[in-house]
Every structure is written in C-alpha cells, then in structure tokens.
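Asker: Take a look at this one; I'll ask things after.
The values are calculated or read from the model by the stated rules, or taken from the named source; none is laboratory data. Just so it is clear, the structure is predicted and the values come from calculations on it, not from any experiment. Heads up, the Cβs are rebuilt from the backbone with ideal geometry, glycines too, and the neighbour counts pull from every protein chain shown.
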C-alpha cells in the first residue's frame with residue numbers, strides 16, 4: 001500500500017514538473033526559435049502592421065507599448081490614429097505609451113513597461129541584441145509575401161493564447177483567396193496593371209516576388225514589371241510608357257494624386273491615362289498589404305480592374321471584412 005502511494009506521489013510530481021516546464025515555441029522571421037513558458041501578457045509591439053494583427057486576435061488588452069506612428073501622422077501613412085481610436089479607448093485618450101518604430105526605439109521606455117514579449121522588425125538588430133541580452137523574448141518580423149501574413153497571425157495566436165481565433169482568421173482569408181483564384185483563372189484577356197507607390201517618385205513600384213505582384217495576379221491582372229524581381233524598383237519613364245499599362249493603381253499619398261498623372265504630358269499615350277483608369281487607395285490603415293487587410297485591397301484592385309466581372313459593392317465588402325477582422329464597423333471613405 002505504502003509502495004503504491006509512493007509511486008502515485010512520484011507520478012504526480014513528474015506531472016507537475018512537466019506542466020511547469022511546458023513551453024510555447026515558435027520560429028520568428030529571423031529563423032530564431034522563441035520560447036515562452038506561458039502566453040505573453042505584456043507585449044510591446046513596435047510594428048503597426050503587427051499591432052493590427054493583435055487587435056484582430058482580440059488580444060489588445062495584452063498590449064502595453066505601441067509604435068509611435070499610431071499617434072504621429074507621417075508622410076507615408078495617414079488616418080492611423082483615427083482607426084485605432086475607434087478600436088481602443090487607451091489609444092483614443094493617448095494612454096498607451098508609444099515607444100518607437102521601424103527606425104528608432106526608445107530602449108529605456110520599452111524596459112520601463114516590463115514586457116514579457118517584444119515584437120519588432122527583424123532587421124533592427126541593435127535593439128534586438130540589447131533586449132535579448134536582458135533576457136526579454138523578441139519576435140522579429142519581416143513580411144515579404146502573403147504566406148508570411150498567415151505565419152505571423154498563427155504564431156501570434158500561439159504566443160498570445162489565441163490559437164482558435166488565429167485559425168478562424170486564416171480560414172476566412174483562405175476562402176476569400178480561393179474566390180479570387182477561381183474568378184481570375186477564367187479571365188482570358190488579362191489587363192496590364194502598374195502599381196505606383198506614389199510617394200516621392202511615381203515611378204517607384206514593386207515587381208516579381210512582392211506582395212503587390214501577388215495581389216495583382218490574384219485580382220486577375222498582369223503586373224507590367226513581373227519580369228523584373230524586386231520589392232522596390234524604380235522604372236524609368238521610357239520603360240513605363242513602353243509597357244503601356246491598361247490600369248494604374250496608386251498607394252495612398254499626401255502629395256501625389258491621379259490628377260498629377262493625368263496632367264503629365266509625358267504619360268498621355270498610356271492606355272490607363274487615356275481611359276482615365278487610375279485608382280488610388282484612400283488611406284493606409286484599410287489597405288495595409290502586410291496584414292489580412294490585403295483581402296480588402298484585393299477587392300478594391302479587382303473591382304477597379306474588372307468592374308464587370310467583380311460586381312460586388314465595395315462599401316459592403318469593406319464593412320463585411322472589417323467587421324470580421326475587428327468586430328467593428330468603420331466609416332467607408
């Protein structure tokens with residue numbers, strides 16, 4: 001009897017030990033294994049595109065520090081604060097500390113928040129090294145393709161104890177992607193599309209191997225520079241004119257609008273200019289290509305490239321997608 005009791009006690013102790021040593025493991029975009037003993041409870045996120053994923057996972061209560069560009073309007077983004085203010089009272093009242101972004105990190109402020117996880121761009125090696133030397137787990141992000149968006153959400157689901165919601169988000173995205181693949185596979189005369197980042201130089205674009213290229217293909221178009229490899233490529237004017245896109249899509253810009261392209265005398269022979277088929281993303285939050293919001297960006301692209309084929313209402317699609325991702329309706333601009 002006593003011997004059996006000792007065996008039971010031993011098994012129980014081993015069981016408790018295994019529970020205490022149980023860990024969560026994911027591999028970040030550096031290829032480094034991140035190990036947590038329990039789901040993260042105090043997260044500093046220095047990347048806005050990653051931050052928005054945490055809100056999609058409904059884990060925003062675990063965020064203790066955010067990127068500075070949520071509060072500060074920058075040249076390359078707009079209306080970010082407006083949307084986050086609708087999602088989080090702490091941001092609306094500017095109570096969540098902003099501690100850095102992809103360029104600069106306030107190390108002291110981050111440490112003062114006592115995070116048990118830091119999410120940061122994987123190429124911010126100096127800051128990462130500092131945090132890891134102090135024993136703080138760091139998840140490095142570097143999104144270059146749609147598959148990366150899926151990986152990020154699934155990984156965040158694991159480390160934030162939201163795996164069910166992460167899978168739900170991914171499954172939703174896969175259904176939408178399948179819809180586009182079925183539609184676009186039946187297009188015979190595909191239109192040539194030029195995507196302009198529309199910032200300091202409208203000739204800056206993204207070519208083969210980029211998310212932009214993936215989305216143009218998903219919508220059923222042909223990226224005019226798909227024979228060139230590169231996330232960021234600057235074409236010359238002669239090349240753009242020669243490639244003669246049927247449709248031009250523009251990233252949101254504070255300084256460059258479709259009217260600027262229409263009035264450019266050098267571009268008047270381009271089909272998209274002659275037919276007035278130039279469309280611009282209204283804001284950066286709703287069209288973040290490095291998040292699951294790529295679904296709405298694709299809806300926008302497809303509708304404007306092939307209005308007869310994609311006969312849905314963009315306003316309704318916007319509300320449907322945002323409601324699913326955030327459980328929140330936003331005003332459609």
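Asker: Give 260, 236 a once-over and let me know the one that is in the same structural domain as residue 293 (by TED's automatic domain parsing), more than 16 Å from residue 287 (Cα to Cα), exposed (fewer than 14 other Cβ atoms within 10 Å of the Cβ) and in contact (Cβ under 8 Å) with a residue 12 or more places away in the chain.
Answerer: One residue alone meets the criteria, 236.
Per-residue answers, yes or no, for (1) in contact with a strand residue (DSSP E or B) (Cβ under 9 Å, 6 or more places away or on another chain); (2) over 23 Å from residue 232 (Cβ atoms):
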site	(1), (2)
147	no, no
159	yes, yes
167	no, yes
175	no, yes
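Asker: Within region 86-93, can one find any residue that is outside any helix (DSSP H, G or I) and either modelled with pLDDT of 95 or more or in the same structural domain as residue 150 (by TED's automatic domain parsing) (or both)?
Answerer: Checked region 86-93: at least one residue is outside any helix (DSSP H, G or I) and either modelled with pLDDT of 95 or more or in the same structural domain as residue 150 (by TED's automatic domain parsing) (or both).
Asker: Of the numbered conditions (1) assigned by TED's automatic domain parsing to the domain that holds residue 43; (2) in contact with a helix residue (DSSP H, G or I) (Cβ under 8 Å, 6 or more places away or on another chain); (3) more than 15 Å from residue 52 (Cα to Cα); (4) free of Cβ contacts under 8 Å to residues at least 60 places away in the same chain, residue 181 fails exactly one; give the number of that condition.
Answerer: Residue 181 satisfies every listed condition except (1).
Asker: Does region 23-34 hold any residues that are more than 15 Å from residue 124 (Cα to Cα) and either at pLDDT 95 or above or surrounded by 15 or more Cβ atoms within 10 Å (Cβ to Cβ) (or both), and which are they?
Answerer: Answer for region 23-34, where residues must be more than 15 Å from residue 124 (Cα to Cα) and either at pLDDT 95 or above or surrounded by 15 or more Cβ atoms within 10 Å (Cβ to Cβ) (or both): 24, 25, 26, 27, 33, 34.
Asker: Would you point out which residue out of 118, 136 is more than 20 Å from residue 290 (Cβ to Cβ), assigned by TED's automatic domain parsing to the domain that holds residue 31 and not in a helix (DSSP H, G or I)?
Answerer: 136
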